[in-house]
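Structure record follows, encoded as structure tokens.
The values are calculated or read from the model by the stated rules, or taken from the named source; none is laboratory data. Values in this document were obtained by computation on a predicted structure and should not be read as measured data. No Cβ is skipped: glycine too gets one built from the backbone with ideal geometry, and neighbour counts run over all protein chains shown. Side chains included, ligands, DNA and RNA excluded: accessible areas come from the protein's heavy atoms. Shrake-Rupley method; radii C 1.70, N 1.55, O 1.52, S 1.80 Å.
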Amino acid sequence: LQLTHTPDGESSPKWSPDGKYLSFLSSRTGLNHGQLWLMDRRGGEARKLTDIKGEIGDYTWAPDGKRIALLGLTFKPNTDDMRDAPSLAIIPALQQAGAHIAAHDPIGMDQAQSLFTQAKSIGAKQG
């Protein structure tokens, strides 16, 4: 069963927990890196949720289907360096699309929280 068609291909399809939406990564529209897309199960065109410079390696739906979890907010692992971090573009783009974000970074949480203080929908826990 083919639900989408693009010469660039799609990957990482995941149904929302309520079964209403299909999300996937795609480099359609001529981009050389995958973006997160969302498609209603009833049909219609897919809607691009992100428009970032970096690559999205993976993503997951929260069990309630209302949040997207991001792990690793810094520019590179094991630092608190937020310069050019993909999360600086990903979080606002997802929020603009209506997503509620749960975010965590094992090292850079303090640095990330200072940059996202205006983002009311970020729920972050240290741990």
So is L36 open to solvent by less than 70 Å² (accessible area, probe 1.4 Å), within 12 Å of S23 (Cβ to Cβ) and modelled with pLDDT of 80 or more or not?
yes
Taking first residues from the range 105-118 that are within 10 Å of L73 (Cα to Cα) and second residues anywhere that are modelled with pLDDT of 80 or more and open to solvent by 100 Å² or more (accessible area, probe 1.4 Å), the pairs with Cβ under 6 Å that are 6 or more apart or on different chains are I107/N78
Counted residues in the range 48-65 being outside any strand (DSSP E or B), without any contact (Cβ under 8 Å) to a residue 40 or more places away in the chain and surrounded by 15 or more Cβ atoms within 10 Å (Cβ to Cβ) come to 2
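Residue-wise test of (1) more than 19 Å from Q96 (Cβ to Cβ); (2) at pLDDT 75 or above.
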| site | (1), (2) |
| --- | --- |
| T6 | yes, no |
| S12 | yes, yes |
| S16 | no, yes |
| K48 | no, yes |
From the option list A89, A85, single residue qualifying as open to solvent by less than 70 Å² (accessible area, probe 1.4 Å), over 20 Å from Y21 (Cα atoms) and not in a loop (DSSP other than H, G, I, E, B) is A89
Those residues of the range 98-127 which are open to solvent by 40 Å² or more (accessible area, probe 1.4 Å), in a loop (DSSP other than H, G, I, E, B) and at pLDDT 70 or above amount to G98, P106, I107
